[in-house]
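First comes the structure, then the notes that go with it.
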Amino acid sequence: MLIEVINATYSYTEEHGAKAVNGLNLTISDHEFIGLVGHTGSGKSTLVQLLNGLIKPTCGQVIVDGFDLSSSNTNLKEIRQKIGLVFQYPEHQLFEESIYNDVAFGPRNLGLSAEEVLERVKEALQLVGLDFEKFKDRSPFNLSGGQQRKVAIAGVLAMKPEVLILDEPSAGLDPMGRKQLIRLLQRLHRDYKMTILLISHRMEEIARLSSRVLVMSSGEIVLDGKPAEVFSQFEKLRELALDLPEISEILRRLNNNGLKIRTDIFHIGQAIKEIAGELRRTRKC
Ligand code: ADP
Ligand code: MG
């Protein structure tokens, strides 16, 4: 599935100058894992809502597999099934009296048979790590925040999207919840061949998971490249008031202090090897 954003602009108000997304161009290809970062208000959430037709560009186009999302001939229901969007705090949108019904809501809307809906709910709950028998009849409102988030994500997965977009899915989760979420995303990308677009403030998460990183500022994409390329733009990132992944920050400081080591490493084990190697090379007898 190919997503093309062509010179797209979006304004929430008529006023001049207030453009949440501003003349943005972007192509997303099959099976990419994209990390999207940027300061609060830079336009990330607006951009991802443009991608599945939830909002339409004020000018410019969003084309999915050749279909212009602004055209009245385009089947937006089908597009939204293929491009799943997990909102920020998706648990706020749970509303059914049972977990089963909440996860089944989307598949039922697709007109699937009761058996197919059952299969999808089972698989989606299993993917997010909730036991079907134990949870299906419970009210989503009696769960912990982390479990509610899992139910909400299961509701999107039950649609079997080809592209999964998640807007700050780890916000407010505890370390265990974040770990589980990362494993889920890795699995969906590797085993289910999903294209993933992840918005996160956690640069470690972005650096380790993504094959491509986009940085937004004032409604535009200002950096676009492999994690190592983007996170080596120290000055630019500082200008945008964005953090580096912690490991990069440590390696950069050591480098500034005279240690000749690579700074494009995001795994703690590799970083230790790099530092130890350099210390061995420079050790005096
Ligand atoms: P981000 O997700 O990067 O924090 P947003 O896409 O939410 O950025 O916001 C981009 C800009 O659009 C900001 O200036 C924000 O204030 C504005 N904005 C976002 N949502 C609305 C809205 N519902 N109504 C008016 N302005 C909005
Ligand atoms: Mg946002």
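The values are calculated or read from the model by the stated rules, or taken from the named source; none is laboratory data. Since we're looking at a predicted model, the values are computed, not measured. No Cβ is skipped: glycine too gets one built from the backbone with ideal geometry, and neighbour counts run over all protein chains shown. Just the protein is used for accessible areas: all its heavy atoms, side chains included, with ligands, DNA and RNA removed. Shrake-Rupley method; radii C 1.70, N 1.55, O 1.52, S 1.80 Å.
Residue 2: open to solvent by 10 Å² or more (accessible area, probe 1.4 Å), more than 16 Å from ligand 2 (Cβ to nearest atom) and within 18 Å of the chain's Cα centre (by Cα), yes or no?
Yes.
Need the failing condition index for residue 31 against (1) touching a residue at least 60 places away in the same chain (Cβ under 8 Å); (2) within 16 Å of ligand 1 (Cβ to nearest atom), just the number.
Tallying (1) touching a residue at least 60 places away in the same chain (Cβ under 8 Å); (2) within 16 Å of ligand 1 (Cβ to nearest atom), residue 31 fails exactly one: (2).
If I go through the range 128-154 residue by residue, how many of them are open to solvent by less than 20 Å² (accessible area, probe 1.4 Å), part of a helix (DSSP H, G or I) and within 22 Å of residue 85 (Cα to Cα)?
Number of matching residues: 7.
Can you tell which of 84, 66, 41 is in the same structural domain as residue 143 (by TED's automatic domain parsing), of a type outside the set (Ser, Thr, Tyr) and surrounded by 16 or more Cβ atoms within 10 Å (Cβ to Cβ)?
None of the others qualify; the one that does is 84.
Run down 93, 49 and say which single residue is of a type outside the set (Phe, Trp, Tyr), at pLDDT below 95 and within 16 Å of ligand 2 (Cβ to nearest atom).
From the options 93, 49, the qualifying one is 93.
With modelled with pLDDT under 95 and farther than 27 Å from residue 32 by Cα as the only criterion, which of 238, 281 stands out?
Residue meeting the stated conditions: 281.
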